[in-house]
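What follows is a single structure, written as structure tokens, with notes after it.
Read-outs throughout are calculated quantities, based only on the coordinates presented, and are distinct from any laboratory measurement. Owing to the predicted nature of the structure, the values given are computational and were not obtained by experimental measurement. No Cβ is skipped: glycine too gets one built from the backbone with ideal geometry, and neighbour counts run over all protein chains shown.
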Ligand code: G3H
Ligand code: 13P
Ligand code: NA
Ligand code: ZN
């Protein structure tokens, strides 16, 4: 059944768990996410980015989401638009049946230039006005996502600020977050606390302090009723990097956010945890391995099944780790 982000995250806050928000672009991802949600009895957030709309085309995505709701009537599903670059984009998603939208006003409409606070408040307020009138939740963002190591947003062609960001822009200011929430009335707030999008988050193996947990606590204390969202939360599984590289890939040494640190963040108010890269890596690894080991196979269903199973395994393990298994 379709559920709004507000309803879902209120329940998560009450019962102290986090919900993974998986990006969806195609049938296999959608089926993997739903299969894992059903198996672990979890609610789930499926989210579509601008890149997903471009790849799949809006109507295919729309009916893929409807198909998920019909095929799995007992799984609570929030259908969320990831990184909306304008109120118009958010409005179109609401018309298509999404139950939640992100208005990312931390960046200008180009999705690259850091925006000032006034612009962010203005576009987010406008979005909340029509979204709430339709029973749709809104996620906003304060602070620009980027690596504290390099000051870079992480993604080359995806969502994220261009150029080098200052330490100031890279960490959400708790006081500004509180002002933003009272001005906009967003249901959820994406915060910058040391994560970045994509596979290249950290160049050295993390030693247990990549997230600014202190900052999460300070923000949560100021806005206890606003659900905190952590973007860039892929863990970059080393076992999948090995499989990819063993079967012809060439991905340099790189690390993500350890699952244990995400679990720590959940203890202190993080409720929505965005994951895209981990499913991409698992999918690529599974396909490379299958094709290398079965060079005479040419039925795409064979390797796409491997991709689907590999992605479902990641989804299941995040549902378990974040405590949302059994909460469906
Ligand atoms: O926030 C970025 C997500 O990983 C979506 O990536 O824009 O390539 O679809 P994308
Ligand atoms: P990752 O690149 O870490 O998977 O983050 C995805 C994300 O934040 C989507 O909005
Ligand atoms: Na989002
Ligand atoms: Zn994101």
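For the range 119-245, averaging the sequence separation of C-alpha pairs within contact (under 8 Å, six or more residues apart) and dividing by the residue count gives a relative contact order of 27 percent.
Dividing the summed helix terms, -39500 (n - 2.57) for each DSSP H run of n ≥ 4, by the number of residues in the chain produces a 222 nm estimate of -14500 deg cm²/dmol to the nearest 500.
Computed from the Kirkwood radius of its Cα pairs, the Stokes-Einstein diffusion coefficient for the range 118-210 at 10 °C and 1.306 mPa s stands at 110 µm²/s.
The long axis of helix 174-184 is offset from the longest Cα principal axis of the chain by roughly 80 degrees. With the alpha-carbon atoms of the range 120-165 aligned to their principal axes, the span from lowest to highest coordinate is 41, 19, 14 Å, starting with the largest. Based on the reciprocal of the average 1/r between different C-alpha atoms, the Kirkwood radius for the range 185-279 equals 14.1 Å.
Measuring between their Cα centroids, the range 197-236 and the range 84-156 lie 19 Å from each other.
Taking the DSSP beta bridges with both ends in the chain, the antiparallel portion is around 10 percent. In percent, rounded to a whole number, the relative contact order of the chain is 21, using alpha-carbon pairs under 8 Å and six or more apart.
Counting only alpha carbon atoms, the long axis of helix 58-71 and the longest principal axis of the chain meet at about 80°. On the principal axes of its alpha-carbon atoms, the chain has extents of 60, 44, 37 Å, going from largest to smallest.
Structure remark: mean-square fluctuation, Gaussian network model of the chain, C-alpha springs under 10 Å; the largest value among 251, 193, 219 belongs to 251.
Comparing Cα centroids, the range 166-189 and the range 280-311 end up 42 angstrom apart.
For the chain, the longest principal axis of the alpha carbon atoms and the long axis of helix 117-133 meet at an angle near 80°.
In this structure, residue 242 and residue 149 have a Cβ-Cβ separation that, at R0 = 22 Å, corresponds to a calculated FRET efficiency of about 0.45.
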